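Here is the structure we will look at.
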Amino acid sequence: MKIEDVRRTAYSMPLTNPSFPPGPYRFFDREYFIITYKTDPEALAAVVPEPLEVAEPVVKYEFIRMPDSTGFGDYTETGQVIPVRFRGEEGAYTHAMYLDDEGPIAGGRELWGFPKKLAKPRIEVESDVLVGSLHYGSVLCASATMGYKHRKVDHDTVLKSMTAPNFILKIIPHVDGSPRICELVRFHLEDITLKEAWTGPAALGLFPHALCDVARLPVREVVSALHFKADLTLGLGSVAFDYMAR
């Protein structure tokens, strides 16, 4: 393979057999289960990187079921998203993500910088309860429950929240272990079709684990819960801030 061939074809690893195809990436019937909760302000401040600012001492714990996504297939994801401000604009910072599919782990980390790790999240309906759980190996790290479709939520309110900017800290090391890329990446969800949205009573438990530290942002009070489905495209990102720039 010639040097020009490498330059022309390289977008992911391995060079001749990448873990994921080029985008864009469209998701159909993407199902969200989100519990918003209050946490310790000091714990929150310790994990949100400048120049982002913590908007309020709350966290959104998300379970996302993706049964049909172009390029990435069928998988489930969970993690913590933090409301933030960036230069006066309201948005959300993705703090942690755990999922069960190698393709979107590789693609998410390489393209956007999503903080993805391999684990076993699940979303299920058990009789009249929506249940979300996260196991890291055999250990339960998160457990969420919500009354199933108790009350409808305003369509426009949910849609507006989905169009807000999202931020991620992308880190790619040099071969000597030092950071070669360290950027705050900004991205949006695009071409959204919101199909339904519901709320109900909810509860959330987070449990300590050495390598799955969702309990670092402890639950002090559940504020609200949201369950909705949508079709959407995961937009590619732009660099909002370069930590390596002098």
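The values are calculated or read from the model by the stated rules, or taken from the named source; none is laboratory data. Since this is a predicted model, take the numbers as computed values, not measurements. Ideal geometry is used to build each Cβ from the backbone, glycine not excepted, and the neighbour counts take in all protein chains shown. Side chains included, ligands, DNA and RNA excluded: accessible areas come from the protein's heavy atoms. Shrake-Rupley method; radii C 1.70, N 1.55, O 1.52, S 1.80 Å.
Quick one: net charge of Ala230's neighbours, Cβ under 11 Å, K/R +1, D/E -1? Present the calculation step by step, with values, prior to reporting the outcome.
Values: positive: Arg30, Lys195, Lys229; negative: Asp29, Glu31, Asp191, Glu196, Asp231.
Combined, the nearby Lys, Arg, Asp and Glu give -2.
For Ser138 and Ala46, compute 0.36 nm times the residue count separating them, minus their Cα-Cα distance, and round to one decimal in nm. All intermediate terms of the calculation are to be shown ahead of the outcome.
On the way: separation 92, 0.36 × 92 = 33.12 nm, distance 2.85 nm.
Full extension from Ser138 to Ala46 adds 30.3 nm.
Please report the spacing between the Cα centers of the stretch 72-118 and the stretch 3-58 in Å, no decimals.
3
For each pair in Lys149/Lys229; Lys60/Lys160; Lys116/Lys149; Lys38/Lys149; Lys117/Lys170; Lys38/Lys229, compute the distance between the two Cα atoms and list the pairs where it is over 20 Å.
On the way: Lys149/Lys229 12 Å; Lys60/Lys160 16 Å; Lys116/Lys149 29 Å; Lys38/Lys149 23 Å; Lys117/Lys170 14 Å; Lys38/Lys229 24 Å.
Result: Lys116/Lys149; Lys38/Lys149; Lys38/Lys229 exceed 20 Å.
For P(r) over Cα pairs in 10 Å bins from 0, in percent, several values are listed as [x] 8, 34, 39, 16, 3, 0; [y] 7, 29, 38, 19, 5, 1, 0; [z] 7, 22, 23, 18, 13, 10, 5, 2, 0; flag the one computed from this structure.
Label [y] holds the value from this structure.
Compactness ratio of the stretch 1-111: Cα Rg over 2.2 N^0.38 Å, N = residue count?
On the way: Rg = 17.6 Å, N = 111, 2.2 N^0.38 = 13.2 Å.
Normalised by 2.2 N^0.38 Å, the Cα Rg of the stretch 1-111 equals 1.33.
At 0.36 nm per residue, minus the direct Cα-Cα distance, what do Ile172 and Glu126 gain on full extension? Give it in nm, one decimal, please. Walk me through the intermediate numbers first.
Values: separation 46, 0.36 × 46 = 16.56 nm, distance 4.06 nm.
Residue separation times 0.36 nm, minus the Cα-Cα distance, leaves 12.5 nm.
Can you compute the charge dipole magnitude of the stretch 30-84 about its Cα centre, using +1 on each Lys and Arg Cβ and -1 on each Asp and Glu Cβ, nothing else charged? Give it in debye, rounded to the nearest 20. Before the final figure, lay out each step's value.
On the way: 4 positive and 10 negative charges, 30 e Å.
Here the stretch 30-84 has a charge dipole of around 140 debye.
In nanometres, what is the gap between the two model label sites at Phe207 and Thr16, each 7 Å from Cα along Cα-to-Cβ?
Modelled inter-label distance: 4.6 nm.
Which of Pro83, Tyr37, Pro22 sits closest to the plus end of the dipole of the stretch 1-127, meaning its Cα is farthest towards the positive end, when Lys and Arg get +1 and Asp and Glu get -1 on the C-beta?
Pro22
Note down the magnitude of the dipole of the chain about its Cα centre, charges +1 on Lys and Arg C-beta and -1 on Asp and Glu C-beta and zero elsewhere, to the nearest 20 debye. Mind dumping the intermediate values first?
Working: 27 positive and 33 negative charges, 49 e Å.
Taking the Cα centre of the chain as origin, the dipole is about 240 debye.
What does the accessible area per residue of the chain come to in Å², with a 1.4 Å probe and no ligands, DNA or RNA counted? Provide the component values of the computation, followed by the final result.
Working: 12460 Å² over 246 residues.
On a per-residue basis, 51 Å².
Using a 10 angstrom cutoff on alpha carbons, build the Gaussian network for the chain and name the most mobile of Lys160, Lys152, Lys60.
Sorting by GNM fluctuation, first place goes to Lys160.
Taking 7 Å along the Cα-to-C-beta vector as the label spot, tell me the Leu194-Ile181 distance in nanometres, rounded to one decimal.
Once both label points are built, they end up 3.2 nm from each other.
According to a simple spin-label model (label point 7 Å from Cα along Cα-to-Cβ), what is the distance in nm between Lys38 and Asp156?
3.0
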